[in-house]
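The values are calculated or read from the model by the stated rules, or taken from the named source; none is laboratory data. Given the structure is predicted, the values throughout are model-derived calculations rather than measurements. Ideal geometry is used to build each Cβ from the backbone, glycine not excepted, and the neighbour counts take in all protein chains shown. In case anyone asks, the SASA skips ligands and DNA or RNA and just uses the protein heavy atoms, side chains included. Shrake-Rupley method; radii C 1.70, N 1.55, O 1.52, S 1.80 Å.
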Amino acid sequence: MLISIYRYNPETDREPYMQDIDVDMPEGKDLMVLDVLNLIKEKDETLSYRRSCREGVCGSDGMNMNGKNGLACITPISEVAKNNKLVVRPLPGLPVIRDLVVDMAIFYKQYERIKPYLQNTTPASGRERLQSPEDRAKLDGLYECILCACCSTSCPSFWWNPEKFVGPAGLLQAYRFLADNRDEATSERLSELDDPFSVFRCRGIMNCVSVCPKGLNPTKAIGHIRDMLLSRAT
Amino acid sequence: MVTSVLNYGRSGVHDWIVQRFSALVLAAYTLVMVGWLAMNGSDLTFLQWQGFMGQTWIRIFSLLAIVAMAAHAWIGLWTVATDYMKHRGLRVGFLGLIAISIFVYVVWGVSILWGF
Ligand code: SF4
């Protein structure tokens, strides 16, 4: 199978280039994209990419495979390869450090900005803050995010304004804390988001929903945040 | 909180509501105009047209539509410019042109509507 990989080593290359590699695929076995990268790395140690758990839990190996973002470790070759060819590129829109490794600083900065932790100054009544099963259920589809950045780096609004638009991943987490009945900072959180960029740059393109390897729906969470902002303003 | 001085209302919710409301006004205005033209259009005379446009309600409605167009165009084009124009000077120049054009349209529209 022909694998075309984005290569860039700032120490030796003047510009990035695509390297075509013919990989002998083992018979009768469907590999994950990460397995194929590992096969290539056995022959060429200079190929760089991030990976850790290799089972879709850590969120390290987000990359762009045949034009669609996803986690290489849980994306079967049979699912992405077209005409026996696979093009692998780093996540779009972020600065490339080397090969498939991108600089995620701006992504984390937006995550940090939404204060991704419970804010509550009332002393807990018992040993912990209990939640009813109904209140807990409101966090389903929100807390599962592994911050792989597949969504935010597939979002044109995030490409154009990564400094100002929080992006789908950050906004999903913003709503995770807005929806949590144990959090007391709802109004401060909303005030932080009520500008024309942070939330409202979402144009409902829904690339985030289509790529999320965890099957989460950031667009829906953004809609909830917008509703909260609207009902607060009217 | 991201701050920006050039947008319409400085609040995302505010812009969002104005954008939707002005869209509704413009849609209603378009329907009325197209509807009226469809009913009277084939052998329309200047007097008929003037009579229609001279009625107080259509003047008020037209003024509302002009104001809605101004707000809608500004919010929309400000958004487009801040998405795609990364060069600050270019963006400010573009928005300046837009602001002047919108202003001209409003003043001109008002003078046409209420000047005769
Ligand atoms: S919402 Fe999905 S795609 Fe986005 S960072 Fe979280 S797990 Fe990744």
* Scan segment A:154-167 for residues that are within 9 Å of the ligand (Cβ to nearest atom) and among the polar types (S, T, N, Q) and report the count. => 1
* To do: Go through (1) more than 28 Å from A:Gly62 (Cβ to Cβ); (2) part of a loop (DSSP other than H, G, I, E, B); (3) touching a residue at least 24 places away in the same chain (Cβ under 8 Å) and name the single condition A:Arg203 misses.
  => (1)
* Structure fact -> Only one of A:Ala149, A:Ala137, A:Ala124 is away from chain B (no Cβ under 14 Å) and within 15 Å of the ligand (Cβ to nearest atom), namely A:Ala149
* Checking A:Gly170 against (1) buried (at least 21 other Cβ atoms within 10 Å of the Cβ); (2) within 13 Å of the ligand (Cβ to nearest atom); (3) touching a residue at least 60 places away in the same chain (Cβ under 8 Å); (4) more than 14 Å from every other protein chain (Cβ to nearest Cβ), the condition it does not meet -> (4)
* If B:Ile60 passes every condition in (1) open to solvent by 70 Å² or more (accessible area, probe 1.4 Å); (2) within 11 Å of the chain's Cα centre (by Cα); (3) more than 30 Å from A:Ser198 (Cα to Cα) but one, which one does it miss? -> (2)
* **Verdict on A:Phe177 being open to solvent by less than 30 Å² (accessible area, probe 1.4 Å), within 16 Å of the ligand (Cβ to nearest atom), within 14 Å of chain B (Cβ to nearest Cβ) and of a type in the set (Phe, Trp, Tyr)** => no
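Answer with yes or no whether A:Asp194 is open to solvent by 10 Å² or more (accessible area, probe 1.4 Å), in contact (Cβ under 8 Å) with a residue 12 or more places away in the chain and more than 16 Å from the ligand (Cβ to nearest atom).
Working: open to solvent by 10 Å² or more (accessible area, probe 1.4 Å): yes; in contact (Cβ under 8 Å) with a residue 12 or more places away in the chain: yes; more than 16 Å from the ligand (Cβ to nearest atom): yes.
It is true that A:Asp194 is open to solvent by 10 Å² or more (accessible area, probe 1.4 Å), in contact (Cβ under 8 Å) with a residue 12 or more places away in the chain and more than 16 Å from the ligand (Cβ to nearest atom).
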* Give me the pairs, please: first residue somewhere in segment A:94-116 and in contact (Cβ under 8 Å) with a residue 60 or more places away in the chain, second residue anywhere and outside any helix (DSSP H, G or I) and among the basic types (Lys, Arg), beta-carbon distance under 8 Å, and either six or more positions apart or on two chains. => A:Asp99/A:Arg7; A:Leu100/A:Arg50; A:Leu100/A:Arg89
* Asked: When segment A:155-167 is examined, which residues are found to be open to solvent by 10 Å² or more (accessible area, probe 1.4 Å) and not in a loop (DSSP other than H, G, I, E, B)?
  -> A:Pro156, A:Trp159, A:Trp160
* With the condition kept exactly as written, say whether any residue in segment A:126-140 is under 20 Å from the mean Cα position of the chain (by Cα) and not acidic (Asp, Glu). => yes
* Boolean, B:Ile102 is surrounded by 12 or more Cβ atoms within 10 Å (Cβ to Cβ), closer than 25 Å to A:Trp160 by Cβ and modelled with pLDDT of 95 or more -> yes
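Scan segment B:81-99 residue by residue and report those that are aliphatic (A, V, I, L, M), assigned to a helix (DSSP H, G or I) and open to solvent by less than 100 Å² (accessible area, probe 1.4 Å). Outline the logic, then answer.
We begin by selecting, within segment B:81-99, every residue aliphatic (A, V, I, L, M); these are B:81, B:85, B:90, B:92, B:95, B:97-99.
Within this subset, residues satisfying the condition of being assigned to a helix (DSSP H, G or I) are B:81, B:90, B:92, B:95, B:97-99.
Across segment B:81-99, the qualifying residues are B:Ala81, B:Val92, B:Leu95, B:Ile98, B:Ala99.
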